[in-house]
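The values are calculated or read from the model by the stated rules, or taken from the named source; none is laboratory data. Predicted, not measured: the structure shown is a model, and the values here were computed from it. Using ideal geometry, Cβ is built from the backbone for each residue, glycine included, and neighbour counts are taken over all protein chains shown.
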């Protein structure tokens with residue numbers, strides 16, 4: 001007779017977690033627009049006294065291989081204009097580079113086959129943003145403006161109800177006497193008046209019984 005194997009009556013959390021972790025695929029998948037860099041150059045891990053590390057933010061649709069030179073503004077209040085592939089771009093400098101302190105600098109390894117985080121990097125000295133310029137043509141408003149057309153009015157309509165928040169005075173309409181009377185608050189009978197009437201009825205009933 002074959003030996004029957006039975007599962008455990010109880011399964012601990014640690015055992016179930018470990019089995020789930022083994023089934024998870026941890027292989028890294030790069031983004032769809034990822035491009036492998038094959039021309040890594042040597043990069044010094046420590047910069048000199050007269051050297052700075054800049055961060056340049058380019059639009060994703062710009063081909064950097066066609067960029068030969070780049071004019072940058074000297075101050076944060078100025079902008080530089082460059083032409084690239086028959087398009088104009090403005091180059092502006094960030095006033096505070098500390099806003100990008102969460103970014104890290106990747107430098108080539110010694111074999112230049114991969115990138116690693118620079119151990120001596122603290123922050124970018126200057127940050128520049130390149131954005132495309134869009135020229136808006138002059139518009140002659142009077143020529144393109146379409147005259148306003150009123151909605152056709154229907155004759156013979158009678159105003160029966162006012163919009164919320166409006167009254168007859170807002171429409172120069174005289175209010176009828178019946179409508180005014182409906183608006184007058186009705187007199188509420190007080191509890192004391194009702195008690196007094198009940199007492200009077202009881203007295204009258206007693207007098208009738210005594211006469212009988």
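Kindly indicate whether any position in the range 59-70 is modelled with pLDDT of 85 or more and touching a strand residue (DSSP E or B) at 6+ places or on another chain (Cβ under 7 Å). Lay out the reasoning, then the answer.
First pass over the range 59-70, keeping only residues modelled with pLDDT of 85 or more: 59.
Retained after the next criterion (residues that are touching a strand residue (DSSP E or B) at 6+ places or on another chain (Cβ under 7 Å)): 59.
Looking for residues that are modelled with pLDDT of 85 or more and touching a strand residue (DSSP E or B) at 6+ places or on another chain (Cβ under 7 Å), one finds at least one in the range 59-70, hence yes.
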Here the qualifying pairs (Cβ atoms under 8 Å; residues six or more apart or on different chains; first in the range 86-114 and in a loop (DSSP other than H, G, I, E, B); second surrounded by fewer than 10 Cβ atoms within 10 Å (Cβ to Cβ) and modelled with pLDDT of 80 or more) come out as 104/117; 105/117
List the helices (runs of 4 or more DSSP H) inside the range 131-212, counting only whole elements, that have at least 3 residues being surrounded by fewer than 10 Cβ atoms within 10 Å (Cβ to Cβ) and at pLDDT 65 or above. 141-144
